[in-house]
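Read-outs throughout are calculated quantities, based only on the coordinates presented, and are distinct from any laboratory measurement. Just so it is clear, the structure is predicted and the values come from calculations on it, not from any experiment. When we count neighbours, we look across all protein chains shown, and the Cβ atoms used for this are built from the backbone with ideal geometry, even at glycine.
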Amino acid sequence: SLAAASNAVIIGFNVRPTPTAKTQAQEEEVEIRLHNVIYNALQEVEDAMKGQLDPEYKEEITGYVTIRETYHVSKLGTIGG
C-alpha cells in the first residue's frame, strides 16, 4: 500500500481501525498511532514535520583523490585539480 511504500505513520483522532485495516497495517509494518485528545495528535504531527525539516548529515567515503594543484576561479573560489 501507499503507506508502506512511503514509510508513513498513520495518526488517528477519536477513531479505531477496523480489524482488516489493523491486520493489513501489521502485515505491512505500518505504525498506527491513535489519540483521544486533539492536542496530542496535533503535537505529534508538528513534531513529525519538524523532524523532516532538520536533515541528518552522514559522511560516507566513496573514493579517494590526490590534489596536485589549486586554482582560483573568480565566480567559484578556489578549486583543486
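Each of H35, H72 was scored by other Cβ atoms within 10 Å of its Cβ. Arranged with the fewest first, they read H72, H35.
Tell me, what is the FRET efficiency for I79 and Y57 to the nearest 0.05, using R0 = 22 angstrom and their Cβ-Cβ distance as r?
0.50
Rounded to the nearest 10 degrees, the angle from helix 38-53 to the longest Cα principal axis of the chain is 20 degrees.
Its relative contact order, with pairs defined as Cα atoms under 8 Å and 6+ residues apart, puts the chain at 22 percent.
Each label point was placed 7 Å from the Cα along the Cα-to-Cβ direction; for T70 and E28 their separation is 5.3 nm. So if we plug the beta-carbon distance of L2 and D47 into 1/(1 + (r/R0)^6) with R0 = 25 Å, what FRET efficiency do we get, rounded to 0.05? With R0 = 25 Å, the Cβ-Cβ based efficiency is 0.70.
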